[in-house]
Amino acid sequence: MALPGFHGPARNLASHFFDAMLSLPLNLAPGSDLRLSIEQLAAEQQISGFVLGVVGNLSQASFQCPGQAEPRVLKGDLEVITLNGNFSPKGVHLHLSLSDGACQVWGGHLEPGTLVQKGVDLLLGITDQSESQPPKAPDAMTNPRLEIAVLPGCPWCARALRLLRTLDLPHQVDTVNGDADFKRWQSRSGMSTFPQVFVDGQLIGGYDDLTTLHASGELEALR
């Protein structure tokens, strides 16, 4: 591979890096949470890497601006311009830039609650994976035993997700978007608070119940 701008040992090292790297396309359907989808993929397949490219649009964007206490949330017809950063089974560090309907550009740290409008196509560069098998697209994954429903901007939901990522537990994340979703989850669980955690389709409760399972050692048994 010809690599303009690289010379000598640096050229050889860069060539080896790109030859060894795997690429994985990721197509996100309407309503998918951009950040949580990448986090879930990295955790379930135990892969690390970075975003090579992205095209698509969003119905809602949540991002953290420098020096601000809370994420900024934009809604409307939003076009993704760039998504840069890295991911691993332990989490992600991603920067998003986007344009609104007035062609004003926004950007910051990507947060949960960034929702796909019509579709988002990503190309991920995989630099490390724990298995010898190539990474698989999400539709080829087996369903994890843990399922968690979260509200965008909910601090207890963020803590629950952080716990699951720290333990490297495979889990399916469902983001509650709007009143219809809220009522659907309320009907399923009988709860009006979030997160809502399910194991093998059965409700176990919220964040406190999740930490109780962790303290007893039962949570780790769900690998």
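Summary of computed values
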item	result
Per residue convex hull volume, Cα atoms of segment 141-199, in Å³	85 Å³
Percentage relative contact order, segment 141-222, counting C-alpha pairs under 8 Å, at least six apart	36 percent
Extension gain, D128 back to D77 (0.36 nm per residue minus Cα-Cα distance, nm)	14.9 nm
Listed peptides 46-56, 173-183, 67-77 by packing density, highest first (mean Cβ within 10 Å)	46-56, 173-183, 67-77
Packing rank of 212-222, 154-164, where each peptide gets the mean count of other beta carbons within 10 Å, highest leading	154-164, 212-222
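Bear in mind these aren't lab numbers, they're just calculated from the coordinates by the rules spelled out. Computed from a prediction, not measured in an experiment: that's the story for all the values here. Note: ideal-geometry Cβ built from the backbone for every residue, glycine included; neighbour counts use all protein chains shown.
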